[in-house]
Amino acid sequence: MWLLLCAADDVPALWAATRLTARGLDPLVVLTPELLHYSFRWEHRLHSHGASSISFTLADGRRIDSAAIRGVLNRLPFVPPHIVGRLVAADRQYALQEWTALHMSWLSSLRAPVLNLPVMEGLCGAWRHPSEWAWLAGEAGLTTEVYQQGVPGGTAFPHAAITTRGAAMVRTVIAIDGQGIDEHLAEDLCDSCGRLGVLAKTRLLGVDLDARTGAFIGASPRPDLREGGEPVIEALFSSLSGRA
Amino acid sequence: MAKKTKPAGTAQPTRRSRPAPQKPETREGAELIVIAKAAAGLRVRRGGAEVASLGGANVRGLKSVLAGGVRFVPLFGNEDRVVARAAAAAAETGRGGPDLSVFYKVEAPTAQLSALARALLDDDSVEAAYVKPAAEPPVMNDVPPDMNDAPPVTPDFTASQIYLGAAPGGVEALSAHTRPGGKGDNIRIIDIEGAWRFSHEDLMQVQGGVVGGVSSTDIGWRNHGTAVIGEFGGDLSAFGVTGIAPNANTRAISIFGPGQGSAKAIHDAADLLSPGDVILIELHRPGPRFNFANRGDQLGYIAVEWWEDDWAAIKYATNKGVIVVEAAGNGAENLDDGIYSVKPAGFPAAWTNPFNRGNRDSGAILVGAGAPPPGTHGRDHGPDRSRLDFSNYGASVDTQGWGREVTTCGYGNLQGGSNEDLWYTDTFSGTSSASPIIVGVVASLQGNRKAQGQPVYTPAQVRTKLRSTGSTQNDAPGRPATQRIGNRPNLKQLIGGIVKPLKEVAKDVIKDKELKAEKLEIKEHKVEAKEVKNEAKEVKTEKLEIKEVQKEKVEVKEIQKELDKQVDKQFEKQIDKQLEKRVEKRVEKRTEKLADGGQGGLGGGGTPQAGAFEARLGALEAAVSQLTHFIGSQLRPDLSQGALTGEGDLGGMQQQLEGEGAAAKWEKDNTEG
């Protein structure tokens, strides 16, 4: 069994789901935040010798057990607040934090591949400040705008060049397990995108580049997978099926 | 190659092109806030010139500061009165709140505030002392007015107010206007900022003017306040603009004036309002990103609730049931960034980051700025409902309004001239322009509740509704929807019959579908029963007819016998023939009649009809076999290589998942009570 954690309206995820299932990731169970959080019984055991297990029963009776999970495509950036709407106001924030902690724990404890593992800065991978992305992109060998924060037209630069380039043609490169996937892109750029994924400690990463110059614009651990087409599906299939 | 393109706008305002904003009364607006230890029981006398401790704390440090000629003013009014009022409010609402009696404001020359804060922190009775940088209006467009005088009658600008219109571009305000109370009837709004032009020609009908503080004389503040109020309070008339909630009563409290400040303004507004009414905080101030420095580009500016006294005042208001709408700020900041969890020097020891609602929740609705539909007023700011680059974002930002291209009163670049009362703009921007849209929506929603005799929504309910309905945020290059500013509201969903959250709607849709399926099944059963009944009737009729024919045959035979006896042999054969012919004819006639009336019946004798049907079918098959493709195979595109090859029914999947989620919630709610 493979799991896809995503919102019901996460069209890129559903797009990927149909293709991954066709390739053989079957059964692929799509779990929305609502299905996860309105489930009935969670058992998460962390044993003293390092083993762990997770099992929960969905409202429709389906049981999810870690022993049967062979891979997870995780696209939930955080626990959506509406799922604790049934609680009294004073308990909601507490409940959200508890849910977050639980998800971080069980996803991290799975032996199966998880793209992406949760971290403190986001359940499906870290969300970083534009300056941090710019620095990491530079380290990965991508061309970046000089990143300075200051007064436009004054002593310095726009605070985030990457957010003021709306009119640019953007090309999104999906990097999976350290490999930039775009057969039409120059190899060194592809490699740099892959390196950025490694530096960001994010197995699945979307890297936005200026289509004309190749300069780095932004990155996201929850990219639009459709941008990468079938090659990305192939790479995802390999990673999630353990064939990578 | 994967590409995303965005058409170049005709006049896309950016940070580079934006004129330096005016900074009305910036540094002078800084405030030194002191929070006393509750146990000290401080009481200020003689207009802030003397201080004593009911708890016996050593206040010599405080007294020495006061000896320097500064005033120590209870921020929310006389301490004993604040305590009494809080107790009454708690008894009424059943909710406690922050102790507002321990907040003070030090009135001294701005240049001395930092040094005074450090000195006050040494006093045993002081829990916290910090300087709040001056608040500013979160506006992105200070533009000069058109110098041409206005025409004798102002044109009707409502066609430019696309935000009033249909979703997803607008918030469905015009639709809400047709609903009872949907114009904000019997709802009161207080806007908190610096100045307004209440004599404006389009703000005359339902307003109560400035009810607290002293308005700034700065034209930047005045344009800003006028534009803000025009969005929700523009009069219903044949000229100018129309507000989202034009029947709501609109008033204002300034943050300026003796003893005044943002927190006091919020607190005073809360005291003037009832549950369901609305406070709008049209302020933001420099945060820690750039060391709290006021700056022209507003980078690093954040929502005011980050400061303890403002948070306490907002909490006081929301505890009362007053809806507080707060601009998230134009600092281009991720409010989830760790920098906002670092407690600055001088803040209370127990202070935690309020942008992380896991720590604590003011109850306010934080508003981000989203792009209007591309092409609005001939300009393009990116995909509709995508985050504008200046807007703060994060998990605590609840909803979005238009952050560009807002047509409203003030500024004078749409209609200018020498008379400010006739000024209009169509470029009001920022979280400044976004927040009043939400205020109008909330007032419309609450007005409708009142008109229906329903209890008004609580702040938490309003927030939940805004988060769970509306038009979703879109991605933009470099500004993915995961940089949350929330949905754009849709009043049609909120009050137009779809009053339930989407999940409940999904549940209802499922129920409706099931009900429809059941009804259809029953209908089909009824039709079947009717058909069987008809068939039985036909069989009965046929049986009777057959009996009649048989009876006739018997009669004919009897006649024949009689004739046999009576006529001679010569006539016998002729008569026999005649009789036989007669019988055959009658039988044939009956048989044909039965066959004509017996379609679908049990004894319908369908042979002749089946033959006709087969003939028709054969003709059809022959015709189909003659058909050919009218587009030849060489002219057809090779769809096997298309991007959407094998595209499943993603919409169907989405609906199914939403349905499953709604069903799961229903199960959970009904199983666990």
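In the range A:52-71, the residues that give up 30 Å² or more of accessible area when the other protein chains are added, compared with the chain on its own (1.4 Å probe), are A:59.
In summary, the convex hull built on the alpha carbon positions of the range A:55-132 has an orientation-averaged projected area of 6.6 nm². Using a simple spin-label model with pseudo-atoms 7 Å out from Cα toward Cβ, residue B:553 and residue B:149 lie 11.2 nm apart. Applying 0.36 nm per residue to the separation of residue B:81 and residue B:64 and subtracting their alpha-carbon distance, the gain on full extension is 3.5 nm. Axis angle, to the nearest 10 degrees, between helix A:229-240 and the longest C-alpha principal axis of chain A: 50 degrees. Protection proxy ranking, highest mean first, for peptides A:25-35, B:349-359, B:148-158: A:25-35, B:349-359, B:148-158, where packing is the per-residue count of other beta-carbon atoms within 10 Å, averaged.
Say the cut-off is 21 Å between C-alpha atoms; which of B:315/B:492; B:37/B:264; B:537/B:557 go over it?
On the way: B:315/B:492 29 Å; B:37/B:264 19 Å; B:537/B:557 30 Å.
B:315/B:492; B:537/B:557, as the Cα separations exceed 21 Å there.
Note that the range B:273-281 has calculated 3J(HN,Hα) couplings of 10, 10, x, x, 6, 10, 10, 10, 9 Hz, one per residue in order, obtained from phi through the Karplus relation 6.51 cos²θ - 1.76 cosθ + 1.60 (θ = phi - 60°); glycine and proline are x.
For the range A:7-145, the solvent-accessible area of protein heavy atoms averages 43 Å² per residue (probe radius 1.4 Å; ligands and nucleic acids excluded). Using a simple spin-label model with pseudo-atoms 7 Å out from Cα toward Cβ, residue B:293 and residue B:52 lie 4.6 nm apart. Applying the Karplus relation 6.51 cos²θ - 1.76 cosθ + 1.60 with θ = phi - 60° to the range B:376-384 yields 3J(HN,Hα) values of 4, 6, x, 10, 9, 10, x, x, 3 Hz, where x marks Gly and Pro. On the basis of the beta-carbon distance and an R0 of 41 Å, residue B:461 and residue B:236 show a calculated FRET efficiency of 0.90.
Applying 1/(1 + (r/R0)^6) with r as the Cβ-Cβ distance of residue B:343 and residue A:187 and R0 = 45 angstrom yields a FRET efficiency of 0.40.
Summed over both chains, the accessible area lost when A and B associate is about 4600 Å², using a 1.4 Å probe. Positive contributions from Lys and Arg (+1) and negative ones from Asp and Glu (-1), summed over other residues with Cβ under 14 Å from the Cβ of residue A:132, come out at -2. Over the range B:59-152, one equal point on each Cα, no solvent: what is log10 I(q)/I(0) by the Debye formula at q = 0.13, 0.18, 0.25 Å⁻¹? One equal scatterer on each Cα of the range B:59-152 leads to -0.65, -0.92, -1.26. Evaluate E = 1/(1 + (r/R0)^6) for residue A:97 and residue B:217, where r is the Cβ-Cβ distance and R0 equals 41 Å; express this FRET efficiency to the nearest 0.05. About 0.30, to the nearest 0.05.
Probe of 1.4 angstrom, ligands and nucleic acids ignored: what's the accessible area per residue over the range B:209-300, in square angstrom? If you can, show how the numbers build up before the last one.
Working: 2050 Å² over 92 residues.
So the range B:209-300 comes to 22 Å² accessible per residue, rounded to a whole number.
Beyond 22 Å in Cα-Cα separation lie the following of the pairs B:320/B:450; B:465/B:665; B:526/B:547: B:526/B:547. Between residue B:88 and residue B:359, the simple label model (points 7 Å from Cα in the Cβ direction) yields a spacing of 3.3 nm.
Tally up the carbon and sulfur contribution to the accessible surface of chain A as a whole percent, 1.4 Å probe, everything protein left in place. Carbon with sulfur: 52 percent of the solvent-accessible area.
Rounded to the nearest Hz, the phi-derived 3J(HN,Hα) couplings of the range B:652-668 under the Karplus curve 6.51 cos²θ - 1.76 cosθ + 1.60 (θ = phi - 60°) are x, 4, 4, 5, 5, 5, 4, x, 4, x, 5, 5, 4, 5, 4, 4, 5, where x marks glycine and proline.
The values are calculated or read from the model by the stated rules, or taken from the named source; none is laboratory data. The structure presented is a predicted model; accordingly, all values stated were derived computationally and were not measured. Glycine gets a Cβ as well: all are built from the backbone with ideal geometry, and neighbour counts include every protein chain shown. All accessible areas refer to the heavy atoms of the entire protein, side chains included, with ligands and DNA or RNA removed. Shrake-Rupley method; radii C 1.70, N 1.55, O 1.52, S 1.80 Å.
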